[in-house]
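Sharing a structure below in structure tokens format, with a few things to ask.
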Amino acid sequence: MVRRRLSRWAALGRTVLGRTVLGRALPGRVGRGRVGRGRVSALPVALVLAGMAGLSGLGGCGAGEPAAGDADAREVTVFAAASLTGAFTELGEAFEAAHPGTTVRFNFGSSATLAQQIVQGAPADVFAAASPATMKTVTDATAAGSPTTFARNRLRIAVPPDNPARVDELKDLADPKVKVALCAEQVPCGAAAVKALEAARLKVTPVTLEQDVKATLTKVQLGEVDAALVYETDVIAAAGKVTGIAFPEADLAVNDYPIATLAGAGDAARRFVDLVLSRQGGDVLAEAGFGSREPGREPG
Amino acid sequence: MTLDARLVVTRPAFTLDLALRAERGKVVALLGPNGAGKTTALRALAGLSPLSGGHISLRGRPLHTLPAESRPIGMVFQDYLLFPHLSALDNVAFGPRCQGVSKAESRRVAAELLERVGLAGHAAARPRQLSGGQAQRVALARALAVRPELLLLDEPLAALDAHTRLEVRSRLRRHLAEFDGATVLVTHDPLDAMVLADRLVVIEGGAVVQQGTPGEVARRPRTDYVARLVGLNLYRGAADGGRVDVGGLLVHTSEQFDGPAFVAFAPTAVAIYRSRPDGSPRNLWQATIEGVERHGDNVRVHLDGPVTAFADVTPAAVADLDLTPGQRIWASVKATETHAYPA
Amino acid sequence: MLVVPAVAGLAFLVLPLAGLLIRAPWSTLPARLAEPHVLEALRLSLVSATVATACCLLLGVPLAWLLARVRFPGRRLVRALVTVPLVLPPVVGGVALLLVLGRRGLVGQWLESAFGVTLPFTTAGVVIAEMFVAMPFLVISVEGALRGADQRFEEAAATLGASRWTVFRRVTLPMVMPGVAAGAVLCWARALGEFGATITFAGNFPGTTRTMPLAVYLALETEPEAAIVLSLVLLAVSVVILAALRDRWVSTP
């Protein structure tokens, strides 16, 4: 979580430098180590850039580390929504086993953050987002391939295993005695929660609006809140530590997960997307709790 | 007897064991070289360093069982340690305030004391605005403000330059004379000790080596350190009537007694000759000049031979005799200018 | 010899700020500033950072005194423990706070059953999260000042009849005041920028726990320009306050 936050700020720093201070002297991806090609002669600026590179390296997750050049297709960098962490890590291992010599590097994080990093020139080959809206910011601003929906995620009510507030349906969350955590409206799970609650015509006053779904889930796990709205996949990933409760309004706020290759992606990147869209990919995703990409067809 | 103490402080590689007495209205000076344990003794009296043994009693009451803040003492530190964030007046009023006196009354007492030490006009000054001599007087006023029964002074003049020292010394002497409790003063300067103290206690290596009135100590030094302090040549030997054998030289003296003895004479009593003088004075020996240095208006000649000695001669004599290091000369002292006493 | 790295160092620190200034949407700035949620978050940030600093002074100065002046077994260990929040990722600190002071935490459980008090998701929780992260700055600064201070002044006070408490209050504390002030400023600045422990322990709800850093973070999800505006506000307010305090406290010994 911290690493993610750091890389977020590093990305902002890069944005600001790349866009305004250095203007066109440093086209594109500062993080890829193209500093040498720019017309930057002043030593201090170079030093600062070196420092920034170091900082973003610390931020980690591939966003700022000098990656291999575009021509080298033996490495695929995938930016993916945090909820995909388990499933994509497994798919990445399968991909590497099937394509010896090729490595897949992941940068998991909040979709909105990843989208901004990509727009600001982060070196990604594939983007898998948790909502079509975040994908749209990328496809609008860059020369990405056309996105395909590969998974869907539904909301569930998550409660601690002992369910202290005896929650069993969505309207129980409107009880002022029940402490509820929701995702902030700015992130996809929060937007979905608002949609579901509106559909149910319920007014829920949460005690907190968490910055992402994992943080929301943590509050349930620690028993700090009595209930939260999170994705089904998160409930499955936290098996045993929280109990998931399905509710009918969840179907009105389903989240589609689109995936797309990005500008400059090589064959390996396309093959990775193919794997995600394949039956094998569908199985792994289904195991993690994602619904099928085609409504009505259950994976299996 | 106001103060009666035996101070034992043991540390790795150092032991202080010192009996100390001081009467009301009297000043006792602890005199000794650096590292002799003077300051340790003073800190033990103040309660700032723990005693390993012994006792301290003041007017019959035990003091060593009390923490520093409960002892009826006043202390003047070597560099005064005036609180930098308080004015001179508030520094002096600090003690009374701690004793529970009201703010107004404390300040009144403090103002009075500042006036007594001649600093009424500097009441509002911060310590860093005061000269060394002024700071010393504020420190004294601060120590006196708690109405101590025992006043402790740690090298009270050491931080002053030579000129200020002269004036501050005589002022301090007046203030100490007015103080009705006992005073213990630590110094390594014999002049301070002679001027300020009623009694000297000389300590070396943590133990008392000599004590007495300043006059006694100055006339009859018993260690090389004291002899150097008071500026005398000192030898130890065996007396046999009017002669003392100090090892390699038989010194004829005016005193007559037998047994272990000290012989002392002043450097100015030594006469120097290029060649063996006629008439053969009785205390005559041949020596080598080790060094020549200025000493006040005279020149001090360091002599090596059967005994080592200092001789003070005039600059004219140095020129006439052409005294330079390494030269062989003859030295003599009249018997009437030596002073022998039992060891 | 030293000027080149010094300038590079300065540039490294200042360029990102310059970036914020250059990228700021100046035309819409007044309108964005007037939004009530901005002022709300700013007020909450200032109040909670100030209260946290006051509480840190109350607890941290005596702690620094203990570490600097009292010999006790395990002092080195305690000193190391005090700096733990510095190396601990703030989010981990927030989780740790939840485990102790949360509704099911060791102490929190008892707080709730005995007093009906729960700290997470309250402004008090924000203050606690900020204290946890910021207090080491104060303790380290004050302890350094105490160790640097000449202890013989304290001895002099003792010979004048001052008790330990009087010595501390009237001699030690005034003499280390510049160190205390510097520590308090650092502590306040750290508390003002606190994010990880706050969002983890106290959550994020407008008006009660959403401080400026949290507002910046969330704005960054959807509206980077709003995030820049909020950052600028935080920056401007803290620079003004720090500069004012620095002149008043730190420069005069």
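Just the residues that are modelled with pLDDT of 90 or more and of a type in the set (G, A, S), please, taken from the range B:316-331.
Within the range B:316-331, just B:A331 meets the criteria.
Taking the range B:59-90, which residues are at the interface with another protein chain (Cβ under 7 Å from one of its Cβ atoms), assigned to a loop (DSSP other than H, G, I, E, B) and closer than 20 Å to B:S49 by Cα?
If the condition is that a residue be at the interface with another protein chain (Cβ under 7 Å from one of its Cβ atoms), assigned to a loop (DSSP other than H, G, I, E, B) and closer than 20 Å to B:S49 by Cα, then B:F77, B:L81 are the ones that fit.
Moving on. Could you check the range C:83-128 and list, in sequence order, the residues that are more than 13 Å from chain A (Cβ to nearest Cβ) and within 15 Å of the chain's Cα centre (by Cα)?
Those that are more than 13 Å from chain A (Cβ to nearest Cβ) and within 15 Å of the chain's Cα centre (by Cα): C:T83, C:V84, C:P85, C:L86, C:A124, C:V127, C:I128.
Has the range B:168-176 got at least one residue that is crowded, with 17+ Cβ neighbours inside 10 Å, of a type in the set (V, I, T) and at pLDDT 90 or above?
no
Can I ask one more? State whether the residues of the range C:148-156 include one that is over 25 Å from B:A143 (Cα atoms) and surrounded by 21 or more Cβ atoms within 10 Å (Cβ to Cβ).
For the range C:148-156, residues over 25 Å from B:A143 (Cα atoms) and surrounded by 21 or more Cβ atoms within 10 Å (Cβ to Cβ): absent.
Name the single residue, out of those in the range C:214-230 being more than 9 Å from every other protein chain (Cβ to nearest Cβ) and within 22 Å of the chain's Cα centre (by Cα), that is surrounded by the fewest Cβ atoms within 10 Å (Cβ to Cβ).
Per the stated criteria, the residue is C:V216.
Cβ-Cβ distance below 9 Å, separation of 6 or more or different chains: which pairs start in the range C:188-207 with a residue that is of a type in the set (S, T, Y) and end on one that is in a loop (DSSP other than H, G, I, E, B)?
Here the result reads C:T198/C:N204; C:T198/C:T209; C:T198/C:T211; C:T200/A:M1, each pair linking the range C:188-207 to a residue that is in a loop (DSSP other than H, G, I, E, B).
Outside any helix (DSSP H, G or I), touching a Ser or Thr at 6+ places or on another chain (Cβ under 6 Å) and among the acidic types (D, E) - does that describe any residue in the range B:298-307?
yes
Can you say whether B:I56 is crowded, with 17+ Cβ neighbours inside 10 Å and at the interface with chain C (Cβ under 9 Å from one of its Cβ atoms), as far as the supplied structure shows?
Answer is no for this residue.
Which residues, taken from the range C:192-208, are crowded, with 24+ Cβ neighbours inside 10 Å, more than 7 Å from chain A (Cβ to nearest Cβ) and not in a helix (DSSP H, G or I)?
Within the range C:192-208, C:E194, C:A202 meet the criteria.
Among the residues of the range C:1-53, how many are of a type outside the set (V, I, T), under 27 Å from the mean Cα position of the chain (by Cα), more than 11 Å from every other protein chain (Cβ to nearest Cβ) and under 28 Å from C:G183 (Cα atoms)?
Adding up the residues that qualify gives 11.
Please list, ordered by first then second residue, the pairs with beta carbon atoms under 8 Å, 6 or more apart or interchain, first in the range A:112-123 and more than 9 Å from chain C (Cβ to nearest Cβ), second hydroxyl-bearing (S, T, Y) and not in a helix (DSSP H, G or I).
Close Cβ pairs satisfying both conditions: A:I118/A:T142; A:V119/A:T142; A:P123/A:T77.
Would a scan of the range C:16-38 turn up a residue that is at pLDDT 90 or above and hydrophobic (A, V, I, L, M, F, W, C)?
no
Got a sec? Which strands (runs of 3 or more DSSP E) wholly within the range A:212-295 have at least 1 residues that are acidic (D, E) and either on the phi < 0 side of the Ramachandran plot or in contact with a His (Cβ under 9 Å, 6 or more places away or on another chain) (or both)?
In the range A:212-295, the matching strands (runs of 3 or more DSSP E) lie at A:255-261.
Starting from residues that are of a type in the set (V, I, T) and in contact (Cβ under 8 Å) with a residue 60 or more places away in the chain, keep the ones in the range B:294-339 and report whichever is surrounded by the most Cβ atoms within 10 Å (Cβ to Cβ).
B:V333
Which condition number does C:F168 fail, the rest of (1) surrounded by 21 or more Cβ atoms within 10 Å (Cβ to Cβ); (2) within 17 Å of C:L63 (Cα to Cα) being met?
Of everything listed in (1) surrounded by 21 or more Cβ atoms within 10 Å (Cβ to Cβ); (2) within 17 Å of C:L63 (Cα to Cα), C:F168 misses just condition (1).
Same structure again: Given the options C:L86, C:L146, name the one that is within 23 Å of B:L86 (Cβ to Cβ), part of a helix (DSSP H, G or I), touching a residue at least 24 places away in the same chain (Cβ under 8 Å) and touching a helix residue (DSSP H, G or I) at 6+ places or on another chain (Cβ under 6 Å).
C:L146
While we're here: Please determine, by comparing only the residues of the range A:171-187 that are under 30 Å from A:L114 (Cβ atoms) and surrounded by 20 or more Cβ atoms within 10 Å (Cβ to Cβ), which one is farthest from the other protein chains (Cβ to nearest Cβ).
Looking at the filtered set, the residue picked out is A:L173.
Tell me which residues, restricted to the range B:184-208, are closer than 18 Å to B:R21 by Cβ and either free of Cβ contacts under 8 Å to residues at least 60 places away in the same chain or within 12 Å of the chain's Cα centre (by Cα) (or both).
B:V184, B:L185, B:V186, B:A193, B:L196, B:A197, B:D198, B:R199, B:L200, B:V201, B:V202, B:I203
Given the conditions (1) of a type outside the set (S, T, Y); (2) touching a strand residue (DSSP E or B) at 6+ places or on another chain (Cβ under 9 Å); (3) in the same structural domain as A:G264 (by TED's automatic domain parsing), report the number of the one that A:G190 does not fulfil.
Unmet condition: (3).
Can I ask one more? Residues A:T139, A:T149: which one is of a type in the set (V, I, T), more than 20 Å from C:R23 (Cα to Cα) and in contact with an Asp or Glu (Cβ under 7 Å, 6 or more places away or on another chain)?
A:T149
Then there is this: Out of all the residues in the range B:44-53, which are outside any helix (DSSP H, G or I) and within 14 Å of chain C (Cβ to nearest Cβ)?
B:G47, B:L48, B:S49, B:P50
Let me ask something additional. Would it be correct to say that C:A145 is within 14 Å of chain B (Cβ to nearest Cβ), out of contact with any Pro (no Cβ under 9 Å at 6 or more places or on another chain), more than 26 Å from C:P213 (Cβ to Cβ) and buried (at least 18 other Cβ atoms within 10 Å of the Cβ)?
no
Which condition does C:F72 not pass, out of (1) more than 14 Å from chain A (Cβ to nearest Cβ); (2) part of a helix (DSSP H, G or I), if it passes all the others?
Every condition holds for C:F72 apart from (2).
How about the range A:233-264: which of its residues are at pLDDT below 90, closer than 23 Å to A:L202 by Cα and surrounded by 18 or more Cβ atoms within 10 Å (Cβ to Cβ)?
Once the filter is applied, which keeps residues that are at pLDDT below 90, closer than 23 Å to A:L202 by Cα and surrounded by 18 or more Cβ atoms within 10 Å (Cβ to Cβ), the range A:233-264 yields A:E249, A:A250, A:A253, A:N255.
Restricting the first residue to the range A:188-211 and requiring it to be more than 14 Å from every other protein chain (Cβ to nearest Cβ), which pairs with a second residue that is assigned to a helix (DSSP H, G or I) and acidic (D, E) meet a Cβ separation below 6 Å and a spacing of at least six or different chains?
Taking only residues 6 or more apart or on different chains, the pairs are A:A196/A:E249; A:A199/A:E249; A:A200/A:E249.
Inside the range A:134-145, can you point out the residues that are out of contact with any strand residue (DSSP E or B) (no Cβ under 7 Å at 6 or more places or on another chain) and farther than 10 Å from A:I118 by Cα?
If the condition is that a residue be out of contact with any strand residue (DSSP E or B) (no Cβ under 7 Å at 6 or more places or on another chain) and farther than 10 Å from A:I118 by Cα, then A:T134, A:K136, A:D140, A:A143 are the ones that fit.
The values are calculated or read from the model by the stated rules, or taken from the named source; none is laboratory data. A quick note: this is a predicted structure, and the numbers were derived from the prediction, not measured. Cβ: placed from backbone, ideal geometry, glycine included. Neighbour counts: every protein chain shown.
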